[in-house]
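Working notes, structure below.
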Amino acid sequence: DDAYETVVVERRGRTALLTLNRPAALNALNLQVMNEVVAATEALDRDPECGCIVITGSPKAFAAGADIKEMRPQGYLDMYLADWFAAWDRLGQLRTPTVAAVSGYALGGGCELAMLCDILLAADTAVFGQPEIRLGVIPGIGGSQRLTRAVGKAKAMELVLTGRTMDATEAERAGLVSRVVPADDLVPEALAVAETVAGMSLPVAMMAKEAVARAFETTLAEGVRFERRLFHAVFATADQKEGMSAFTEKRPAAFRHR
Ligand code: CAA
């Protein structure tokens with residue numbers, strides 16, 4: 001969309017590719033980037049023709065963090081009254097599935113942005129970390145919570161307290177990313193994953209996303225109850241009939257709601 005200066009949005013059939021485009025600052029996430037990413041993804045989220053959103057950066061940097069130069073002069077009241085970073089929460093509230101395609105640096109806010117996405121694919125060049133402590137601050141877009149849930153206390157504590165980064169292999173072993181691919185294949189592979197997701201029933205994909213996301217919010221018993229309600233609900237869709245009929249008739253499913 002021409003209205004954005006720091007992100008480029010390209011529609012590709014039923015998927016969308018959002019590329020962070022602030023190369024002079026390694027895609028540092030200032031408030032303009034935040035507002036444009038959130039506005040662009042919320043617009044895609046409202047579009048029933050869009051079944052999956054890929055977010056990527058450049059080969060060198062997915063994003064090198066929140067913008068240090070923008071934050072440096074701020075005081076407590078500035079941060080509090082602006083509710084600094086609150087808009088990022090809306091990215092986690094999207095109903096459309098999202099894929100982060102991470103190449104190069106994903107540090108601080110960059111790592112947090114990647115963790116706000118549903119599927120996280122990494123290039124073999126990816127570098128993850130929460131180095132805020134070296135700047136005299138702590139993560140502010142959910143890193144202390146999402147990294148801990150993703151990789152466990154042991155590794156999260158070490159990364160957050162020392163600022164050490166981890167490479168793609170370590171990130172995959174730790175469970176932060178679903179897969180590592182050669183850097184040249186990253187965006188095509190992410191788009192292929194997005195295409196696959198977008199080929200499913202959109203409401204069913206939304207419910208699947210909601211169910212997995214609920215695992216981060218609640219107890220096991222409540223989460224299983226939530227899943228069971230949604231599982232029963234999908235039987236109200238034409239796409240359940242189509243998916244199960246297609247299997248029985250040995251043909252590919254052609255979902256209606258996508
Ligand atoms: N904020 C603002 N500008 C940044 C930036 C950031 N997070 N990261 C990089 N840049 C800028 C640099 O200042 C530099 O600009 P100039 O050319 O005008 O000096 C430009 O991007 C290129 O960066 P480098 O010259 O440093 O590139 P490099 O290849 O030598 O190093 C790097 C790359 C190791 C990623 C290094 O840029 C770096 O350490 N960046 C900061 C990483 C960081 O600390 N991130 C956490 C930020 S705090 C945060 O994110 C809070 C939160 O929880 C939300």
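The values are calculated or read from the model by the stated rules, or taken from the named source; none is laboratory data. Worth saying up front: this structure is predicted, and the values here are computed from it rather than measured. Using ideal geometry, Cβ is built from the backbone for each residue, glycine included, and neighbour counts are taken over all protein chains shown.
Every residue in the range 10-25 that is crowded, with 20+ Cβ neighbours inside 10 Å and either over 20 Å from L186 (Cβ atoms) or within 16 Å of the ligand (Cβ to nearest atom) (or both), please. The answer is L20, R22.
Quick one: would you say Y105 is of a type in the set (F, W, Y), closer than 18 Å to N30 by Cα and either touching a residue at least 12 places away in the same chain (Cβ under 8 Å) or buried (at least 17 other Cβ atoms within 10 Å of the Cβ) (or both)?
Answer is yes for this residue.
Is it the case that some residue within the range 65-80 is in a strand (DSSP E or B), away from the ligand (no atom under 15 Å from the Cβ), under 23 Å from R164 (Cα atoms) and touching a residue at least 60 places away in the same chain (Cβ under 8 Å)? Before the answer, list the steps.
If we filter the range 65-80 for residues that are in a strand (DSSP E or B), which is where we start, we get 66.
Now narrow it down to the ones that are away from the ligand (no atom under 15 Å from the Cβ): none.
No, that holds for no residue.
Checking L107, L161, L120 one by one, the residue that is within 30 Å of R258 (Cα to Cα) and modelled with pLDDT of 95 or more is L120 and no other.
Going through the range 86-103 one residue at a time, which ones are part of a strand (DSSP E or B) and in contact with a Phe, Trp or Tyr (Cβ under 9 Å, 6 or more places away or on another chain)?
Taking the range 86-103 first, the residues part of a strand (DSSP E or B) are 98-102.
Matches in the range 86-103: A100, A101, V102.
Could you run through the range 128-143 and say how many residues are within 26 Å of V54 (Cβ to Cβ) and either surrounded by fewer than 22 Cβ atoms within 10 Å (Cβ to Cβ) or more than 19 Å from the chain's Cα centre (by Cα) (or both)? Step through it out loud before you land on a result.
Initial filter on the range 128-143 (within 26 Å of V54 (Cβ to Cβ)): 128-131, 139-143.
Still in the running and either surrounded by fewer than 22 Cβ atoms within 10 Å (Cβ to Cβ) or more than 19 Å from the chain's Cα centre (by Cα) (or both): 131, 140, 142.
So the answer is 3.
Can T196 be described as modelled with pLDDT of 95 or more and either among the charged types (D, E, K, R) or in a loop (DSSP other than H, G, I, E, B) (or both)?
It is false that T196 is modelled with pLDDT of 95 or more and either among the charged types (D, E, K, R) or in a loop (DSSP other than H, G, I, E, B) (or both).
Among the residues of the range 123-179, just one is assigned to a helix (DSSP H, G or I), under 18 Å from A28 (Cβ atoms) and touching a strand residue (DSSP E or B) at 6+ places or on another chain (Cβ under 6 Å), namely P131. Considering each residue of the range 22-42 in turn, at least one proves to be in contact with a Ser or Thr (Cβ under 9 Å, 6 or more places away or on another chain), more than 24 Å from P131 (Cα to Cα) and at pLDDT 95 or above. When N27 is tested against the conditions (1) in a loop (DSSP other than H, G, I, E, B); (2) at negative phi, the lone failure is (2). What about Q93, is it within 16 Å of the ligand (Cβ to nearest atom), under 19 Å from the mean Cα position of the chain (by Cα) and either free of Cβ contacts under 8 Å to residues at least 12 places away in the same chain or crowded, with 19+ Cβ neighbours inside 10 Å (or both)? Judged against the criteria, Q93 is not a match.
The requirement of being buried (at least 18 other Cβ atoms within 10 Å of the Cβ) and not in a helix (DSSP H, G or I) is fulfilled nowhere in the range 233-242; no residue meets it. Taking the criterion of being surrounded by 15 or more Cβ atoms within 10 Å (Cβ to Cβ), farther than 22 Å from L176 by Cα and charged (D, E, K, R), would at least one residue in the range 76-84 satisfy it? No, the conditions are met nowhere in the range 76-84.
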